[in-house]
Structure formats: C-alpha cells, structure tokens
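The values are calculated or read from the model by the stated rules, or taken from the named source; none is laboratory data. Predicted, not measured: the structure shown is a model, and the values here were computed from it. Backbone-built Cβ (ideal geometry, glycine too); neighbour counts: all protein chains shown. These area figures cover heavy atoms from the full protein model, side chains too; ligands, DNA and RNA do not enter into them. Shrake-Rupley method; radii C 1.70, N 1.55, O 1.52, S 1.80 Å.
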Amino acid sequence: MQFLDKQFKDLEEELKLTDKAKEQLKSKIMYNSHKTKKRNKKYYGWVTAVTCILLIITSPLYSSKMASMASMASKILPISILPNYSNGQENPDLTTQLFELVEKEGYMVKSVGITPSPYTIEISLFLKDSTLKQAAEDLEPKVKSYLYENGYDKYELKVSEAAEAEALQEGQGDESSIVYEKISEIVKEVFVSYGYSKEADYELAGFKTSKDSNIVTIDMPDHIQESTEIVKEIEKKIESKKLDVEDIEVNTFNFSHRQQDDRWVYIASDIYDAMAGKSTYQLTGVSHEVKDGHTYVSIKTDLEKQPSIEIIQEIELVYKNI
C-alpha cells in the first residue's frame, strides 16, 4: 500500500494529476491487481494502455514521461481483445458468459442479447417458481458485479420474462428449418465430392420460402469450373429425397473476397465486444469494408478528442495478430 502511495505521489508530480484523476487511477489499479489472481491466463493475450486513455482524459497536462509511466501501469491494468477462436478452442463472448452465469443461478434462460446505442444487455427468462421482480432483484447484483469485474461500466441492463407460448415453442422444429438443414447437407456433400472441401466449409446454401414456393439459393465460387454439373447433382439429390423445392437460383461470387470479408466480420465483432460498454472508450460502433484486397476498419466513439497514437497503435496491433 505504501509502495502504491509513493508511486502515485511521483506520478502526480510528473503529470500534475488532479485529486479526482489520481483517485480514479488508484482505485482501478487496486481493484484490478486483486482480480489478476482470479483471471484465467488466456485473458493476457495482449495488454492495452487503459491507463494512458484515463490520464489523457482526466489530467490537465500530458508530460513527455507519460509513456514510460503508462507502460508500468498497463502491466497492472489488463484488457483483452480475444478472437472467437484461439489455439483451436472457442472463446465464449459476453452473451455466452452471462447465459452460463444466469443458468448457474438456477434460472431457465431463453436468450441473452446485446443491442448498441445505448449499449443494452437484455436477459430473457422462462419463470415458473418466481416473479420477474424477484428474479431481477436476485440476478441484477450478480450480473452487475460480473460486468464490473470485466470492465463494463457503461450499459443498461434489462431482465424480462419470456411468454409461456415461447416456452412451448422451444424444442419444436420449424418445418422450413428442417428442410433447409437437409438441403445444406446435400450442397456440402456435393461440393466435397467434386473436391471443393474448403469451399464447402462456407455456408453456400440458402433457402427462400413463401406461401407459393420454396427456392434454394446456391452461392457458387467463380473459380469453380464444374458449376453446371454441381447444380445438376444437387437437383438430383433434392428430388431423390422428395424435398419441397420449386426452383434453384445460383449466384456467383469471388471466393477470396468472401474469405477475407468473413474473417473480418469476426475480427470487427471481437474488437466491438472488447471495447463496448466501457466508458473509457465511449464506443458507438465498429464496421469494416473489404475493397480491392484491402480491409478498412472504422471504430466510432463519442470521445471529444482523438485518442492518442499509442492507443490507436495498440488496437491495430490486436487485429494484425488475430
């Protein structure tokens, strides 16, 4: 404790921190130092300078020595941007983590969803033995504590009850969904049989349904020479299984462009998940565009000033290494 007091005294002298800024930073360091003992090691994939942002926003003077001090503090204040998959394993996102947390509390969860602007987390429950008020009073402190532990401090939390009719529908297979699943299996099987297993890993089949007809759509990579034969083979298999399909529509696309775009959908989502709901970033959205083989990422915030070059470089480093 005396060591931290001395560190902050030195920090205040060098950066001319206000009392409010010093207490904010001290509180964050003390809290996160305690939490490091409990965190899983995989959360230390990379470290961003949260302290750097905090000091830029709250301190009246940014000294030339700030970079070295921020480097010291960044080792204490970890924040992670994790890919959906790393080391062959799936990294659960916030909605999955909250879903599991609420289930462990003994509640039947219909869904956990997140909507932006304002950043809102909604937990929908099937309730039998308790009222919505009781469930909310029980869950909200636990969920908020979990969010705080993981750096979320700018959000709205809603706990709602799913209608009984929705509960009855759970587990009942929708007929069109069953047909689509069978078609998807056929399309993948045919592409693999022609030697296009890499392409088959992408979702190439689509399904449009109406009162009058069901139409299968197939996204065909433009480098495939046997496209006509593949479509005919798919038609035969659909007919042999007597699936209710009126027609097949084929759309060609550039496979390498699709691969790049699909990859960056996940990366943009990873960046959003790591920064949203945190007052440090004031994030309003993350988007990307693939054009002429290059990917352009746009990170939008409500920050009054442009973030420091160090912060921008750290964010860039994350998705370059994913």
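Each row is one residue, and each column tells you yes or no for (1) modelled with pLDDT of 90 or more; (2) open to solvent by less than 50 Å² (accessible area, probe 1.4 Å).
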{"residue": "Ile114", "(1), (2)": "yes, no"}
{"residue": "Leu127", "(1), (2)": "yes, yes"}
{"residue": "Thr131", "(1), (2)": "yes, no"}
{"residue": "Ala135", "(1), (2)": "yes, yes"}
{"residue": "Lys142", "(1), (2)": "yes, no"}
{"residue": "Glu149", "(1), (2)": "yes, no"}
{"residue": "Ser177", "(1), (2)": "no, no"}
{"residue": "Glu181", "(1), (2)": "yes, no"}
{"residue": "Ser184", "(1), (2)": "yes, yes"}
All positions within region 235-258 that are part of a helix (DSSP H, G or I) and surrounded by 14 or more Cβ atoms within 10 Å (Cβ to Cβ): Glu235, Lys237, Ile238, Phe255, His257, Arg258
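Kindly indicate whether Glu199 is under 28 Å from the mean Cα position of the chain (by Cα), in a helix (DSSP H, G or I) and buried (at least 17 other Cβ atoms within 10 Å of the Cβ).
Details: under 28 Å from the mean Cα position of the chain (by Cα): yes; in a helix (DSSP H, G or I): yes; buried (at least 17 other Cβ atoms within 10 Å of the Cβ): yes.
Answer is yes for this residue.
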